[in-house]
Amino acid sequence: MTNQKNNIGAKVRAELSGLRRLVKDLPGGTEACDAIQESLGSLLAENDRLYKALDEEMARRTHAQDFRQFIYEDSPFSMSVATLADGRFFDVNEAFIMRTGYAREEVIGHTSTEIGLWADGENRQRIVDALRQDGEINGLEIRVRKKSGEIIHGLFYARLITLNGERCILSITQNIEERRRAELEAIRLREFYEELLALLPAHIAMVDSSCRYEYASPSAVPDPETRSWIIGQTMEEYCEYRGINPEIGKQRTEWVNLVVARKEVMQFDERFPLESGDVEHWIRTHKPILDENGNVTHVLIYGLDVTDLRKLEDQFRQAQKMEAVGRLAGGVAHDFNNLLTAIMGTADLMAGQTGDAHAVQSGAEEILSIAERGAALTRQLLTFSRRQVANRRVVNLNQIIRNMQELLRRLIGENVKLDVQLASSLPDIYADISQIEQVLLNLVVNARDAMPRGGAITVRTRVDRPKSRRLRQETWDGSYVHFSVSDTGTGMDPEVLARIFEPFFTTKEEGQGTGLGLSTVYAIVRSCDGKIVAESTPGQGSVFTIALPVAGHTEEDADSPAPRDRRSDAEGTVLVVEDEESVRKVVERILQKEGYTVLTAPNAREALRILQRQGTAIDLVLTDMVMPGPSGRDLAESILETWPNMPILFMSGHIENRDSRFIAEQLGERFIQKPFTADALTDRVSSVLNGL
């Protein structure tokens, strides 16, 4: 355009120059040429303006065409222009053609209804109504049917425009097939995992750091309404809503707070009471979820019902225990058969030597010795079952060890060295002498058995803190006396060490150990409010360290009780109540020999009838604790209602758990443990009658 404009200006100026030469000699010719030149200058200036305007218009149109190509034709979105009145397409872009599968000539001049574009037929009218009302549509999800019949989804945007004086619809449709497929896949996966979580035996929940629920699995909260309600509620609020014990909610909140504070995975055991009275056992695992700064934002909780597992474990332990009890019964039966064989053989010999007083005396002493061995065996069994009544008093540990040294040396044999190191001025303890002897005996025997080729055993007492690292970690209240038994034997690995105090657990060969030794030691130590720790390394021996509370007196201050003089003028009437006839007859003979008048009853009811007849003529009631029907304790309560001052002495070889504390705390000297000797019985009867 600029070149054409320049050529026209040059031609006009050349023609004007020629004209000026032709008319220069004519009158007024020059003035006429000047006037023509002025007019032509104005005309050329206007021509320049027009050409400039034309250049600008051409540039604008070129720009608009480029803009249309970029915005409309090359757009990734489907775009179209259709008349508002009848919906006939005026124009569509390339993306529209590609998305729908139609050729341009199949669309232009036709309506969307004619080509079946809408999968939902009412969409066209809904769009027109919305545009007439609002003038625009933003993000309407639509379904479009392609030429192939396939249904695709899109987000529809539209505006009303005026084109060539006619109202038209300019529409843009965004393809959302990939997003929709992703959403459908997400929904499918969510439903799958929801079903999976519902089938899992575990209860899964997620709470934030303030213990408010953000998720609960269907297995944890089956009711959908409750599962929706729980979101945003605290654990305590949920328990209140469900009518669960508020202590459960408080405990769960404390667990979450602990996990948030420690930032580590933690596991807790929960006992969940049911309305039926049964109890469910749950293991609840808590996993903290951290943000990029290392702060806990949420806690994932995995709860597993282990009630059936616990029952199976209990059944398995019971089966193991019954198997061990069977082995124990066999061992005990073997030991008692040996004892009974010795007793019966000795009795037969005595029966044939009634004229030989020395032989009879020797046989009687042998029977007493055998019986004491049987009594020691039953004491071990009863101590293990915690039904052996402890006769605790102030004793000195050093003195007990000194009294047992010779016995221990004979017991361990010549190939094992016994080293006893006793602390000076050792404080006294409050314990049963026979039980402490049993503890020492069991530990030394175990140490000996750990050294089949010989070695050394060290028994040490001390008053300061023990060297044991594990005992140093214990909580200490008050003062303790410590003693340890160490050996140079084979030692134990950690797995064995962790189980040595379990009842019926033994590393010895079958038939050589009942598994009661160390469990009995543990029971005795704990019953004395003491502590025991075992430390061992394979190949380096073992050390058992025991701490027992101080009684408050030193060894020099402890006085052994002086033996009481036997009554030589025994008198009075004793009512013996015992269901076992052989024991009743023996007790009757012992007391009659001592000089007492003896009445007997096989049970509590018969004893009460005798008391009703004899009344205050009876000076003492000696009754067994465990009998068919009313027990000895029941009998005593009945007696004291009528005769509140009646002296009562109890005896038993087997104590029910409910009677153990009663005997230990209230009876004291008014109880005698079976089996007992004649001297022990008559001394105790005399003590009770004399009020000692």
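The values are calculated or read from the model by the stated rules, or taken from the named source; none is laboratory data. Since the model is a prediction, treat every value here as computed from it, not as a measurement. Virtual Cβ from ideal backbone geometry, glycine too; neighbours counted across all protein chains shown. Protein only, heavy atoms only, side chains kept; ligands, DNA and RNA dropped before computing areas. Shrake-Rupley method; radii C 1.70, N 1.55, O 1.52, S 1.80 Å.
Structure values in brief
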| quantity | calculated |
| --- | --- |
| Test: residue in the stretch 419-426 that is of a type in the set (Asp, Glu), at pLDDT 90 or above and surrounded by fewer than 21 Cβ atoms within 10 Å (Cβ to Cβ) | yes |
| Scope the stretch 104-137; condition open to solvent by less than 90 Å² (accessible area, probe 1.4 Å) and out of contact with any Lys or Arg (no Cβ under 9 Å at 6 or more places or on another chain); matching residues | Arg104, Val107, Gly121, Arg124, Ile127, Val128, Asp129, Ala130 |
| Among the candidates Ile532, Ile524, Ile500, residue that is at pLDDT 90 or above and buried (at least 18 other Cβ atoms within 10 Å of the Cβ) | Ile532 |
| Test: residue in the stretch 171-185 that is within 30 Å of Phe96 (Cα to Cα), open to solvent by less than 90 Å² (accessible area, probe 1.4 Å) and in contact with a Ser or Thr (Cβ under 6 Å, 6 or more places away or on another chain) | yes |
| Answer residue from the stretch 193-220, given it is modelled with pLDDT of 90 or more and assigned to a loop (DSSP other than H, G, I, E, B) and is nearest to the chain's Cα centre (by Cα) among those | Cys211 |
| Count of residues meeting criterion [under 27 Å from Asn295 (Cα atoms) and either part of a loop (DSSP other than H, G, I, E, B) or in contact (Cβ under 8 Å) with a residue 40 or more places away in the chain (or both)] in the stretch 221-251 | 4 |
| Residues of the stretch 186-200 satisfying the condition of being more than 26 Å from Leu304 (Cα to Cα) and open to solvent by less than 80 Å² (accessible area, probe 1.4 Å) | Ala186 |
| Qualifying position, being touching a strand residue (DSSP E or B) at 6+ places or on another chain (Cβ under 9 Å), surrounded by fewer than 20 Cβ atoms within 10 Å (Cβ to Cβ) and modelled with pLDDT under 85, among Asp464, Asp493 | Asp464 |
| Residues that are open to solvent by 30 Å² or more (accessible area, probe 1.4 Å), free of Cβ contacts under 8 Å to residues at least 40 places away in the same chain and farther than 16 Å from Ala202 by Cα, drawn from the stretch 252-270 | Glu254, Leu258, Ala261, Arg262, Lys263, Glu264, Val265 |
